[in-house]
Ligand code: PL3
Ligand code: FE2
Ligand code: FE2
């Protein structure tokens with residue numbers, strides 16, 4: 001029950017969840033050193049992955065180079081966000097954070113498995129980024145907000161790129177996509193689990209992150225051609241583990 005003295009009186013839920021953290025506190029900066037590093041590393045790996053995809057899809061080389069260049073810009077933008085807050089990104093932590101997904105991408109790349117590479121980078125990682133950036137924007141500092149708003153628009157283009165290719169090659173990719181989902185969706189879930197405590201210090205809610213991720217992922221899978229039962233089965237593998 002609310003009392004007259006409650007500072008939250010008159011605020012709607014959305015506004016309450018958007019109350020800004022103290023960007024100068026030690027606890028904020030400590031959490032930001034890891035989250036910022038994750039984002040910088042994620043953008044760098046996204047760049048590298050689109051360059052790799054350009055080798056598997058030579059006729060798409062031009063388009064994929066364009067996406068890779070965007071990722072480089074994102075990486076620089078988020079590096080500036082950390083500098084602006086006086087935070088040093090913990091890159092060692094971030095490399096470790098991405099390692100399992102990174103290794104799966106590298107294996108798929110060396111085996112020429114295009115649908116798996118696209119599912120990892122253009123669907124799972126992009127949906128993860130889109131959900132994280134969405135939830136971050138309302139609770140970010142003004143400098144980071146401007147940058148993140150620009151970035152999230154690009155991430156939709158990247159998600160869309162993967163979607164379009166997989167849709168056009170649905171029948172031949174379907175079985176491989178089930179397997180790639182089974183191997184990689186649990187990794188994304190565990191990445192979310194690992195980032196949740198730091199994210200909550202940035203006033204980002206774990207359930208909001210999962211909800212937003214699932215919406216982006218489900219919309220992508222629907223567009224690619226999966227039906228409701230197939231998607232439920234794909235989600236179940238992350239729950240069962
Ligand atoms: C693909 O273009 C980018 C891949 C980046 C992965 C992002 C993961 C995000 C994790 C958690 C929270 C982010 C908040 C933003 C902070 C600067
Ligand atoms: Fe990006
Ligand atoms: Fe991207």
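No lab work stands behind these numbers, since they all come straight from the coordinates. None of these values were measured; they are calculated from a predicted model.
Restricting the calculation to Cα atoms, every distinct pair contributes to the Kirkwood radius of region 129-190, found to be 13.7 Å. Shape analysis of region 111-241 based on the Cα gyration tensor places the equivalent ellipsoid semi-axes at 26, 17, 12 Å, largest first. Pairwise Cα distances in region 193-241 exceed 16 Å in 50 percent of cases. In the elastic network of the chain, a GNM with C-alpha springs shorter than 10 Å, the most mobile of 148, 79, 107 is 107.
Can you tell me how much longer the chain between residue 156 and residue 240 gets when fully stretched, taken as 0.36 nm per residue apart minus their C-alpha distance, in nm with one decimal?
Numbers: separation 84, 0.36 × 84 = 30.24 nm, distance 2.90 nm.
Full extension from residue 156 to residue 240 adds 27.3 nm.
A helix-only calculation puts the chain at -26500 deg cm²/dmol for mean residue ellipticity at 222 nm, using -39500 (n - 2.57) for each DSSP H run of at least four residues, averaged over all residues.
Separation of region 90-139 from region 145-184 is 11 Å, based on Cα centroids. Relative contact order of the chain: 24 percent, from C-alpha pairs under 8 Å at least 6 residues apart in sequence. Taking the square roots of 5 times each eigenvalue of the Cα gyration tensor of the chain, largest first, gives ellipsoid semi-axes of 32, 21, 16 Å. Shape descriptor for region 19-97: Rg over Rh equals 1.12 (Cα atoms; Rh from the Kirkwood inverse mean 1/r).
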